[in-house]
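Peer 1: I have a structure here, written as structure tokens, and I will follow up with some questions on it.
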Amino acid sequence: MEYKLTKKQIDTYNRDGYLVVEDIFDDKFTSKFLSAIRRHANNDFAAIINPDRYSTLEKLDERPKSDLTLEEIKETSALCREVISNKAIVSILRTLQKNDIVCLSSQMIFKEAHSAYSPQAWLPHQDNRYIDNENGQYITVNWFLRDSDPENGGIYVYPGSHVLPILPAPDRKSYREDPNKNPGRACEIPKEFIDKKVDVFLKGGSVIILHGNCIHGSYANNSNRSRPWYSGCYITKGEYYNVGKSSKRIEVTFK
């Protein structure tokens, strides 16, 4: 089902560079998805790039469940593709971008409580730094499968920072990196935005849509609660993007 944004929601996104939308996915589907994707996690619960691609899941190793069947792999990849192709999400993005969009990649970040990666805090960064689209046409949809807050590794944003160009940021490994290092191609926060940092509280099932130039990061998970999220990365159709060594971005189109 398509989702019709209100004028207030559109204005909020245009002003702040991000938008929270609740109840895109119900509890039943969320639980089903989480159960399926957890079958593919390794012992450290490291992130998984592009689980919507069968070939990705087929090659993963060090899984807690080593006897995964082909049917289970197909089920998980199909569920992931169902999420990134969700009609409500696609219609929201087309409205915000004022154009057709394609999905380039996806990523599952578990931030499992007490896991090797739970102490990580993503440094403040712009997602578009990885894509290098000078027209600011990159946008991500981040689906929180459980409640999220600063205590369990929630995110923070700098509202309005999406009006900035792509800021200088040193190259930094941000996938399957050393768990003892904080990932994210950190950028310097311009002085006019330093005091504008906002912590985002989200209930499970919600999505936060982020303009690619909006500066954001996340906290360490120091709680007993996991903070899993699944991200879909999109761009206006026909726009330039960096394919990337880890993400290996390819275009997924929608009707």
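Peer 1: Is it the case that the range 115-123 has a residue that's buried (at least 19 other Cβ atoms within 10 Å of the Cβ), out of contact with any Asp or Glu (no Cβ under 9 Å at 6 or more places or on another chain) and touching a residue at least 60 places away in the same chain (Cβ under 8 Å)?
Peer 2: Yes: one or more hits.
Peer 1: Right, here's the next one. Just checking, does the range 62-69 include any residue being touching a strand residue (DSSP E or B) at 6+ places or on another chain (Cβ under 9 Å), over 25 Å from Ile155 (Cβ atoms), touching a residue at least 24 places away in the same chain (Cβ under 8 Å) and of a type outside the set (Gly, Ala, Ser)?
Peer 2: Pass one, the range 62-69, residues touching a strand residue (DSSP E or B) at 6+ places or on another chain (Cβ under 9 Å): none.
Scanning the range 62-69, I find no residue that is touching a strand residue (DSSP E or B) at 6+ places or on another chain (Cβ under 9 Å), over 25 Å from Ile155 (Cβ atoms), touching a residue at least 24 places away in the same chain (Cβ under 8 Å) and of a type outside the set (Gly, Ala, Ser), so the answer is no.
Peer 1: Name the pairs whose Cβ atoms lie under 8 Å apart, with the first residue in the range 159-172 and free of Cβ contacts under 8 Å to residues at least 24 places away in the same chain and within 11 Å of His125 (Cα to Cα), the second surrounded by fewer than 17 Cβ atoms within 10 Å (Cβ to Cβ) and among the acidic types (Asp, Glu), and 6 or more positions between them or separate chains?
Peer 2: Here the result reads Pro168/Glu188, each pair linking the range 159-172 to a residue that is surrounded by fewer than 17 Cβ atoms within 10 Å (Cβ to Cβ) and among the acidic types (Asp, Glu).
Peer 1: Based on what the data block shows, is Ser35 at pLDDT 95 or above, of a type outside the set (D, E, K, R) and surrounded by fewer than 13 Cβ atoms within 10 Å (Cβ to Cβ)?
Peer 2: Working: at pLDDT 95 or above: yes; of a type outside the set (D, E, K, R): yes; surrounded by fewer than 13 Cβ atoms within 10 Å (Cβ to Cβ): yes.
When the stated conditions are applied, Ser35 passes them.
Peer 1: Further question on the same structure: Could you count how many residues in the range 206-243 are surrounded by 19 or more Cβ atoms within 10 Å (Cβ to Cβ), in contact with a helix residue (DSSP H, G or I) (Cβ under 7 Å, 6 or more places away or on another chain) and not in a strand (DSSP E or B)?
Peer 2: 6
Peer 1: So which strands (runs of 3 or more DSSP E) are wholly in the range 80-189 and hold at least 2 residues that are touching a strand residue (DSSP E or B) at 6+ places or on another chain (Cβ under 7 Å) and not aliphatic (A, V, I, L, M)?
Peer 2: In the range 80-189, the matching strands (runs of 3 or more DSSP E) lie at 101-109, 138-144.
Peer 1: Another question, then. Please determine, by comparing only the residues of the range 192-207 that are among the aliphatic types (A, V, I, L, M) and under 16 Å from the mean Cα position of the chain (by Cα), which one is farthest from Lys28 (Cα to Cα). Don't jump to the end; show me each part of the working.
Peer 2: Of the range 192-207, the ones among the aliphatic types (A, V, I, L, M) are 194, 198, 200, 202, 207.
Still in the list and also under 16 Å from the mean Cα position of the chain (by Cα): 200, 202, 207.
On the way: Val200: 24, Leu202: 18, Val207: 16 Å.
Out of the qualifying residues, it is Val200.
The values are calculated or read from the model by the stated rules, or taken from the named source; none is laboratory data. What you see is a predicted model, and the numbers here were worked out from it, not measured in a lab. Using ideal geometry, Cβ is built from the backbone for each residue, glycine included, and neighbour counts are taken over all protein chains shown.
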